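Below you'll find the structure, written out as C-alpha cells, and then a few comments.
The values are calculated or read from the model by the stated rules, or taken from the named source; none is laboratory data. As the structure is a computational prediction, the values presented were derived from the model and not from experiment. Cβ coordinates were reconstructed from backbone atoms using ideal geometry, including for glycine residues, and neighbour counts include every protein chain displayed. Side chains included, ligands, DNA and RNA excluded: accessible areas come from the protein's heavy atoms. Shrake-Rupley method; radii C 1.70, N 1.55, O 1.52, S 1.80 Å.
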Amino acid sequence: MISNVSILKNITILYAEDEAALREITLNILKGFTKKQFVAENGEEGLRLFKENESEIDLIITDVNMPIMNGLEMIREIKKINSNIPIIVATAFSNTEYLLEAIDIGVDKYVLKPIDMKKLLQLMSQSLLYHELKDLYIDNLTHLPNRNRLKKDLEDSSQDLMAMINIDKFSTINDLFGEHNGDKVLLEFSDSLQNYFNKRDFTLYRIEADKFLVIAKDYDLQIDTLYNLCKKFEDFIEEDPVYIDEHEIDLNITIGIAKSGDGSAYKHVQRVISYARRKFQPILIYNDDFNIQESFEENIKWIKKIKNGVKNDNFKGYFQPIVDTQTQEVYKYEALIRYIEEDGTVISPFFFLDIAKKAKLYPNIIKIMINEAFNLIKNKQKRVALNISFEDIASESTMSYIYSILEENKEHAKLLEFEILESEEISDFSEVFKFIDKVKEYDCKVGVDDFGAGYSNFNMLVNLDISYVKIDGSLIKNIHESQNQQIIVKTIDEFAKKFGFKTVAEFVSGEEIYDIIKDIGVDYSQGYYFDAPLSFEEIN
C-alpha cells in the first residue's frame, strides 16, 4: 500500500529522460497518478520547459546521464531559479561521489534504475510532504531558518549564546525604494551575515522582517569573542552601503547579545536590543544590572496609571511663561502636561509621555491638553501655545476632536497657538498643510517647535505657512559655553527673520544664557530664568 499517494493527483511534473522506451513506460504510469506532465529528452530541453512553465511545475524527475546537458547541470540551473523545487534523480549509477554531488546541489531523493514504480511514487509523495514541512521552517526570501524553526531549536537546549541583529528603520527603506528593492536589501544583508557568521560555528535565523538571530553552536565561546565579531559586522554595515540598481542605500543596525545556561538567552536578547535602542547604543551585552525587568514593570505601572488618570482627572495642564526677550514681559504660555498623584505630587511627562505614545494612549492626553489650554484662555485671557505632533495631525479622530473644540470656542481660538514638533519625522506634508489651513480659519497661529534638534529642514520652514520658530533647547542650554552653538542659533535666527518668522529660545536657565540670546536678537525666551511651569491657580 502506497501511503500519501493521493497528494500526487493535483500536481504537475517535469520528467527528463533520454531513453525513449523507459521514458514512454514511466510516463504512462505517471499519467495515471499526476494531473499534468512536461516531458524532456535531455537537460537542455528540461531547463527550457522549466523556464517556460515554472509556475505550473510542482516536482521534477530526471535522469543524470543525458546528451547536450546532463541532469546535474540542469538541476544546478533550475535551483538558481527556484531553490525549493522538489527533485528526484533516477540513475543507474550509485557511487558515493555522485550521490554527494547530487545532495550538494539540492536533490531531495534518488531512485535506482531499473525504476521500481511503487518506490518512485512513494518518493514523490514524501518529497512533496518534505517541502511542505520545510516551508513551515524556512524563510521564503532568505532561505534562512525562520521563527518556527527557532522555537523548535530552543526547546532542544537550555544553554545558548546569541546575538539579535535589527536593521534600524527598515520600513523607511520600503517606503522610499519599494518593497521589491527592500527585499533585495534583505537578501544582500542576509548574504553579508552568512559571510561573517559561518555555518560551521553559527546558526542564523530570520525571525522577523528586519530581525535576524545568530546562535553560537559552541556554548563555551567567549561572549567577548561574539561581541568583537558583531562589532566588525556592525562596522562593515555602517561603512559599506548596499547598492540596488545603482542606488546607494545606507543601513544602520542595532545588536543585542546574551548568554544563558537556563534557557533565558532569547528572552534577554529581545530585552537588551530594545534597551540598546533607547540608549542609542549600536551593540549591548545583556546585563542584570540594566534593570530591564524593573523597567518593564515600571512601564506596566504607568500604562495602568495613564488609563486611570484619564478617567479620574489626574492629568493637568501646567503653563510656562514665554517672554519678550527685550522687555521680559510675558507674551504667552506653553501648555505642558503633568500627572498629579493622589497625594498632590506633580509628575513630569519625562516619566510617562513616551510610554503613553507607545501604548497608543497619547491621543487622550492631547485632548486633555487642548481643553486645559482653553480653560486658561477663557478664564484668564492668556495666549497659550500647545505642542502637536505629526502623529496627532495624521490621526483622523484626534483632528476631528480638535476641530470640534475649536468650533465650540471659536470666539477664543485666536489666543491658541499650535507648535508642530520638527524633531519628529513628517511623512506627509500635505496633511500638515491641511491642518495649518484649517486652524488658521480660527485665527490660530502655528509655529515649529524643537527646530535644530531633528531634520533641521530650512526648506520646510519656507514651505509651511508658519508664524514662528522655536529653537531647540539642546542648542540653548549650553550656548554660553559653545561658540559653535552661538553661530548655529544666530544662523537660525537670521534665516527665520528673512522669511518673516519670529524666533523663540527655550531652556534659558540663567542670566549668562539670557544675555547671549538677547544679543543675538531672538524675539522671545522661555526657561527657568524667568519662571517654572505654573498651575492654573498660580497664574494671575
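So the values come out like this:
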quantity: Residue list for region 101-126, restricted to those being part of a helix (DSSP H, G or I) and either in contact with a helix residue (DSSP H, G or I) (Cβ under 9 Å, 6 or more places away or on another chain) or modelled with pLDDT under 80 (or both); calculated: Glu101, Ala102, Ile103, Asp104, Met117, Leu120, Leu121, Gln122, Met124, Ser125
quantity: Unique residue being in contact with a Phe, Trp or Tyr (Cβ under 8 Å, 6 or more places away or on another chain) and either at pLDDT below 90 or closer than 30 Å to His180 by Cα (or both) when the list is Asp250, Asp289, Asp210, Asp235; calculated: Asp210
quantity: Hits in region 320-351 (condition: open to solvent by less than 60 Å² (accessible area, probe 1.4 Å), touching a residue at least 40 places away in the same chain (Cβ under 8 Å) and either part of a strand (DSSP E or B) or under 21 Å from Phe536 (Cα atoms) (or both)); calculated: Gln320, Pro321, Ile322, Val323, Asp324, Lys332, Tyr333, Glu334, Ala335, Leu336, Arg338
quantity: Some residue of region 20-36 being in a strand (DSSP E or B) and open to solvent by 50 Å² or more (accessible area, probe 1.4 Å); calculated: yes
quantity: Output for region 1-17, where each listed residue is at positive phi and either touching a strand residue (DSSP E or B) at 6+ places or on another chain (Cβ under 9 Å) or modelled with pLDDT of 90 or more (or both); calculated: none
quantity: Strands (runs of 3 or more DSSP E) (entirely within region 430-522) containing at least 2 residues that are open to solvent by less than 10 Å² (accessible area, probe 1.4 Å) and under 13 Å from Ile420 (Cβ atoms); calculated: 445-451, 468-471
quantity: Residue in region 399-413 that is open to solvent by less than 30 Å² (accessible area, probe 1.4 Å), in contact with a helix residue (DSSP H, G or I) (Cβ under 6 Å, 6 or more places away or on another chain) and in contact (Cβ under 8 Å) with a residue 40 or more places away in the chain present; calculated: no
quantity: Region 141-183, residues that are open to solvent by 40 Å² or more (accessible area, probe 1.4 Å), farther than 22 Å from Tyr243 by Cα and more than 18 Å from the chain's Cα centre (by Cα); calculated: Asn148, Arg149, Lys151, Lys152, Asp153, Leu154, Glu155, Asp156, Ser157, Ser158, Gln159
quantity: Region 3-19 - residue that is assigned to a helix (DSSP H, G or I) and over 23 Å from Pro114 (Cβ atoms) and, of those, most open to solvent (accessible area, probe 1.4 Å); calculated: Lys9
quantity: Residues (crowded, with 19+ Cβ neighbours inside 10 Å and part of a loop (DSSP other than H, G, I, E, B)) located in region 53-68; calculated: Ile57, Asp58, Val64, Met66
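Quick grid of which residues meet (1) open to solvent by less than 80 Å² (accessible area, probe 1.4 Å); (2) among the polar types (S, T, N, Q); (3) part of a strand (DSSP E or B):
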| residue | (1), (2), (3) |
| --- | --- |
| Thr254 | yes, yes, yes |
| Ile257 | yes, no, yes |
| Asp262 | no, no, no |
| Lys267 | no, no, no |
| Val272 | yes, no, no |
